[in-house]
Amino acid sequence: MIYILTDKIRSGKTTALQAWSEKRNDVDGLLCPDNKNGKRYFFKIKSKEKFLFEIDDEASIKNEDIVEIGRFKFLKTAFAIANNYLLSVVLRAESKYLVIDELGKLELKNEGLHLSAEKLIYQLMHHKTKHLILVVRDYLLDDIVKHYTITDFKLITKAELTKNSFA
């Protein structure tokens, strides 16, 4: 089953998912919180490992390893690591829920987390025991659903996460 957590930008979607996942041992995937400098990083839910993907100083980085969207600059290598991680996690039996935070403008351009999203959505859309939770900004919801041909999904709210009442 596909669940989509959607809301406005900077409305606490990641924070709600992080709080929800901390109370469970059957969740894995990636969250994208901000660090103390306001830069986004990937956070592996199970291992709690972190790795930066948003940069501001690209002087030491080759241009071919940077993808830009608006004023933001991201490391392509970080997305490659993230995609590989998500695809490997789904094979493990211990996680009932897999989180992808978030699908947005890059994924609509077949970049960012597109590779793992495309495969995992197809694999888990009708799965009975494994569930995929996608984070999508409200104004991109229709575009993401269409882009990935998501025909069967349930929208969830932060309140449902807090109450653990969506599944």
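The values are calculated or read from the model by the stated rules, or taken from the named source; none is laboratory data. This is a predicted model, so every value here is computed, not measured. Glycine gets a Cβ as well: all are built from the backbone with ideal geometry, and neighbour counts include every protein chain shown. These area figures cover heavy atoms from the full protein model, side chains too; ligands, DNA and RNA do not enter into them. Shrake-Rupley method; radii C 1.70, N 1.55, O 1.52, S 1.80 Å.
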For this session: Evaluate the chain: find the radius of gyration of its Cα atoms, find its Kirkwood radius, and give the ratio Rg to Rh.
Result: 0.94
Exercise. For region 96-163, what is the largest minus smallest coordinate of the Cα atoms on each principal axis, given in angstrom and ordered from greatest to least?
Worked result: 34, 24, 19
For this session: Treat each spin label as a single point 7 Å out from the Cα along the C-beta direction, and report the F72 to E94 distance in nm.
Result: 3.0
Exercise. If you put +1 on each Lys and Arg Cβ and -1 on each Asp and Glu Cβ, how big is the dipole of the chain around its Cα centre, in Debye rounded to 20?
Worked result: 500
For this session: Taking the chain as the reference, fit the longest principal axis to its C-alpha atoms, fit the long axis of helix 76-89 to the helix C-alpha atoms, and give the angle between the two in degrees, 0 to 90, nearest 10.
Result: 20
Exercise. Antiparallel as a % of all DSSP beta bridges within the chain, to the nearest 5?
Worked result: 40
Seminar exercise, completed: For the chain, the percent of accessible surface on carbon and sulfur atoms (probe 1.4 angstrom, ligands and nucleic acids excluded) is 51
Seminar exercise, completed: Placing each pseudo-label 7 Å from Cα in the direction of the beta carbon, M125 and Y41 end up separated by a distance in nanometres of 3.5
Exercise. What distance in nm separates the simple spin-label points at I81 and K154, each placed 7 Å from Cα in the Cβ direction?
Worked result: 3.4
Exercise. Which angle between 0 and 90 degrees, to the nearest 10, do you get for helix 114-124 versus the longest principal axis of the chain when only C-alpha atoms count?
Worked result: 10
Exercise. Quick one: helix 13-22 against the long Cα principal axis of the chain, what's the angle to the nearest 10°, folded into 0 to 90?
Worked result: 60
Exercise. For the chain, what does -39500 (n - 2.57) per DSSP helix run (n ≥ 4), summed and divided by total residues, give at 222 nm, in deg cm²/dmol to the nearest 500?
Worked result: -8500 deg cm²/dmol
